[in-house]
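Quick notes on the structure that follows.
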Amino acid sequence: MGHEILTPREMAEADRLTIEGGGFSGYRLMLNAGDAIARHVLAHHGGAAEVHILCGPGNNGGDGYVVARLLARRGVPVHLWALAEPSSGTDAARARADCLADCPLVPRPLQAFQPPRTGLIVDALFGAGLNRPLSGAAAEAIARANEAACTRIAVDVPSGLDGLTGQPLGAAFAAHATISFFRKKPGHLLYPGRQLCGQLVIADIGIGAETLAAMGPNCFENAPPLWVAQLPRPQAETHKYRRGHVGVFSGGAWSTGAARLAAMAAARSGAGAVTVLSPTDAMASNAAHLTSIMLHECNDAAGLQSFVEGRKVSACVLGPGFGVGEKTRAFGRALLELETPALVFDADAITAFKGEPQALRRHGGDLVLTPHEGEFARLYPGITAGNTPSKLERARKAAEIAGATIVYKGADTVIAAPDGRAAINSNGTPLLATAGSGDVLAGLIAGLMGQAMPGFEAACAAVHIHAAAARHLGHGLIAEDLPAALGPIIGRMIDHAEA
């Protein structure tokens, strides 16, 4: 299964193109979907004492009727609960009629639904296209289902969950597993949707690769196939400066650790040379902790430009532990005026441009911004205060405004490029909720860009590798542990891709 992500509207378009192309009728797609769900139930819950299927009036309910018919024919005790009858002439109406004709099942009104003490509940009320809060019998039935000590399976997305934003629209079904079709949707991966979905299973229902190609999706689940071919690989004739020179700006004497974490991560990414650019008062502190990382005194924007241009720096990190104020803005502006190097602005460098994302646009070279939720709100108050509930769309708007790649950090980190491409990361881990881990990420992105990896791909790769390293290290990791774990992770990914 591919890594493309489709919005609910795009998924409806994929259905339409498949039907118009003569591949399958709409009813055949519904039968295929119901068959996939029934097979999952039989494979994983075949011994359930009883299965209660909640059916809505649309195509999601139609899937439910197909599931009911297939399970009943296999001897599974099935109970049907209907919110309303499907409209006459629809595929859902046909699925209901076929179900009732084939099996001795009598749908009961949803308002009378009472969950069993044991068994399985299948939520086939509403799909990903729902755009209003649930109310009445549907909301009450979901509340009762969520309180029951039963296994809960959702069809497509849990009812009450917006498949586009991952946000619940009031009451929402809390599934242990969700069976969806063809490709994932944003709401499957964005929190809290990811948690409400439980285990996610994507079933093949017969939509072809040619349909996907015709649609040209530009959102992806962040995974190695998207970027592993562009990971830097040292060549036989390479010397250290051909492998990239990364500059990391240090804060004052009492704020030097963050820059060193970023610098070490850049070095472990494979960059041939890394220099910490330090103010005078922090030189001794930095020198005491650095060995393979070089150190250079830098106190003002003029010194910054001289070093970057003279030493052929290919990427820079500004922000970790640097402080917020006019010096940060001056350094940021000086870097933005240069056509090279590639830039990563993190932490204080983002906050220093509070409310002025347009000021971060540059005419040449990659820029990556790495805000967490609070920093994003400070830099983009208009987007945060506006009516954009989707984290994916907020990131895209931010990337367009600043002309930069945005790494919108969190449990469901979104990476967005100015050209509209986006990726949702899915291997995040709470192990990274530790001081300094963001500094490591900033350095890793810069290290990859310093080796000529494009900004969007470098950001996607770094986010995934960063989380993979944390998972490898496990419980109790601290930020200092992360840089050394990066190299082996990158090496294994390259080896696997080239095997």
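The values are calculated or read from the model by the stated rules, or taken from the named source; none is laboratory data. Predicted model only: the values in this text are computed from it and were never measured. Cβ sites come from the backbone with ideal geometry, for glycine too, and all protein chains shown count toward neighbours. In case anyone asks, the SASA skips ligands and DNA or RNA and just uses the protein heavy atoms, side chains included. Shrake-Rupley method; radii C 1.70, N 1.55, O 1.52, S 1.80 Å.
Distance from the C-alpha centroid of the range 1-51 to that of the range 415-446: 32 Å, rounded to the whole angstrom. In this simple spin-label approximation, residue 97 and residue 214 carry label points 7 Å from Cα along the Cα→Cβ vector, and these lie 2.8 nm apart. For the set 3, 176, the ranking by accessible area, highest first and with no ligand, DNA or RNA atoms included, is 176, 3 under a 1.4 Å probe. Beta bridges assigned by DSSP with both partners in the chain are antiparallel in approximately 15 percent of cases. Over 30 Å apart at the Cα level, from the set 312/391; 312/397; 184/397; 185/354, are 312/391; 312/397; 185/354.
Spin-label model, residue 191/residue 108: points 7 Å from Cα along the beta carbon direction are separated by 3.9 nm. To the nearest Å, what is the center-to-center distance of the range 94-129 and the range 341-359, using C-alpha atoms only? Cα centroid to Cα centroid, the span is 53 Å.
Accessible surface computed residue by residue for the chain, with neighbouring protein chains in place and a 1.4 Å probe, gives 40 Å² per residue. Qualifying trypsin sites (Lys or Arg not before Pro) in the range 101-203, where qualification requires a DSSP coil assignment and no more than 15 other C-beta atoms within 10 Å, comprise 117. Specify whether the C-alpha gyration tensor of the range 313-461 places it in the rounded, prolate or oblate class, a ≥ b ≥ c being the square roots of the eigenvalues: rounded for a/c under 1.5, otherwise prolate if a/b is larger than b/c and oblate if not. Rounded.
Summarising the label geometry, the points placed 7 Å from Cα in the beta-carbon direction at residue 480 and residue 233 lie 3.6 nm from one another. Looking at the range 391-468, none of the trypsin sites (Lys or Arg not before Pro) sits in a DSSP loop with at most 11 other Cβ atoms within 10 Å of its own Cβ. In the range 1-86, taking the dipole from charged Cβ atoms about the Cα centre, the farthest positive-side position among 80, 47, 30 is held by 47.
Using R₀ = 51 Å, calculate the FRET efficiency as 1/(1 + (r/R₀)^6) where r is the Cβ-Cβ separation of residue 284 and residue 419; round to 0.05. List each step's numbers first, then the result.
On the way: r = 45 Å, r/R0 = 0.88.
Taking R0 as 51 Å, the efficiency between residue 284 and residue 419 is 0.70.
Rounded to the nearest 20, the size of the Cβ-charge dipole of the chain about its Cα centre is 380 debye, with Lys and Arg at +1 and Asp and Glu at -1.
What is the percent carbon and sulfur in the accessible area of the chain, measuring with a 1.4 Å probe over the protein chains and ignoring ligands?
Values: 10220 of 19920 Å².
Roughly 51 percent of what the probe reaches on the chain is carbon or sulfur.
Note on residue 147/residue 427: beta-carbon distance plugged into 1/(1 + (r/R0)^6) with R0 of 25 Å gives a FRET efficiency of 0.20. Note on the chain: dipole from Cβ charges, positive end direction compared against 226, 470, 418; the farthest Cα belongs to 470. Checking [x] 68, 59, 45; [y] 83, 45, 42; [z] 68, 49, 38 against Cα extents along the principal axes in Å calculated from these atoms, the matching label is [y]. Can you list the aspartates and glutamates whose alpha carbon is less than 18 Å from that of residue 327, not counting same-chain residues fewer than 8 positions off? Excluding near neighbours in sequence, the set is 281, 297, 300, 337, 346, 348, 356. With the helix formula -39500 (n - 2.57) applied to DSSP H stretches of n ≥ 4, the chain reaches a computed 222 nm mean residue ellipticity of -12500 deg cm²/dmol. Among the chymotrypsin sites (Phe, Trp or Tyr not before Pro) in the range 237-301, those placed in a DSSP loop whose Cβ has at most 14 other Cβ atoms within 10 Å are 254. Once a ≥ b ≥ c are taken as the square roots of the eigenvalues of the Cα gyration tensor of the range 77-129, is the result rounded (a/c under 1.5), prolate (a/b larger than b/c) or oblate (a/b not larger than b/c)? In terms of gyration-tensor shape, oblate.
Determine the shape class of the range 404-499: with a ≥ b ≥ c the square roots of the Cα gyration tensor eigenvalues, call it rounded for a/c under 1.5, and otherwise prolate if a/b is greater than b/c, oblate otherwise. Cα axes put the range 404-499 in the oblate bin. Taking a sphere under 14 Å around the Cβ of residue 111 and counting the other residues whose Cβ falls inside, with K and R at +1 and D and E at -1, yields a net charge of +1.
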